[in-house]
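The values are calculated or read from the model by the stated rules, or taken from the named source; none is laboratory data. All values derive from a computational prediction rather than experimental measurement. Neighbour counts are summed over all protein chains in view; Cβ atoms, including those assigned to glycine, are modelled from backbone coordinates with ideal geometry.
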Amino acid sequence: MAPRVADYLDHACQARPANCGAFLCGWVEVLTGRHPMPGVEDMAVRDWARHVRNKGGMEAVCSELAVQSGFRQIDADDAREGDAAVVMSPTHPTRRRLRETLAIAVGPAPRFAVMAGPFVQVSSYQPLAAWRLADG
């Protein structure tokens with residue numbers, strides 16, 4: 001794993017983002033120098049879930065965030081380290097129920113980092129959609 005990605009994941013473990021949106025927005029800010037969704041860090045999980053529903057789902061939220069940050073959509077199976085994605089992951093490290101969540105690719109698909117409860121979890125997840133920084 002590249003040091004830049006590893007450093008961000010270490011930071012996220014310490015900071016414990018409030019939701020997967022804050023987790024991904026922090027990464028986008030590292031890459032671009034701009035925070036794409038001010039206020040997301042203050043959203044409780046319930047408020048984030050409502051925001052996602054109101055926007056039409058996780059893929060719609062990530063697409064909007066990605067496009068305004070200079071990312072372009074790519075084939076989900078082509079995701080590589082540093083790309084943004086929507087994946088299916090457990091709701092918590094100890095649970096089997098799956099949900100859509102925002103993720104950061106940490107290698108070739110299907111290796112992604114996600115927020116799982118208060119933890120950052122790196123594993124193989126099914127990617128549903130992915131985006132790459134346009135100049136990346």
Hey, could you check region 31-73 for residues that are of a type in the set (S, T, N, Q) and more than 13 Å from the chain's Cα centre (by Cα) and say which is surrounded by the most Cβ atoms within 10 Å (Cβ to Cβ)? SER69
Please list, ordered by residue number, the helices (runs of 4 or more DSSP H) wholly in region 1-117 having 3 or more residues that are modelled with pLDDT under 95 and closer than 14 Å to ALA129 by Cβ. 58-68
Just to be sure before I move on: is ALA76 within 23 Å of VAL106 (Cβ to Cβ), out of contact with any His (no Cβ under 9 Å at 6 or more places or on another chain) and surrounded by 13 or more Cβ atoms within 10 Å (Cβ to Cβ) in the structure I sent? yes
Kindly check whether there is at least one residue in region 43-61 that is under 21 Å from ALA2 (Cβ atoms) and small (Gly, Ala, Ser). no
Within region 75-82, identify whether any single residue is touching a residue at least 12 places away in the same chain (Cβ under 8 Å), farther than 17 Å from ALA2 by Cα, in contact with a helix residue (DSSP H, G or I) (Cβ under 9 Å, 6 or more places away or on another chain) and not β-branched (Val, Ile, Thr), and answer yes or no. no
Step by step: first the residues of region 110-136, then only those that are touching a residue at least 40 places away in the same chain (Cβ under 8 Å) and farther than 17 Å from ALA76 by Cβ, then the one that is surrounded by the fewest Cβ atoms within 10 Å (Cβ to Cβ). Which residue is that? ASP135
May I ask you to verify whether GLY107 is in contact with a strand residue (DSSP E or B) (Cβ under 8 Å, 6 or more places away or on another chain) and surrounded by fewer than 18 Cβ atoms within 10 Å (Cβ to Cβ)? no
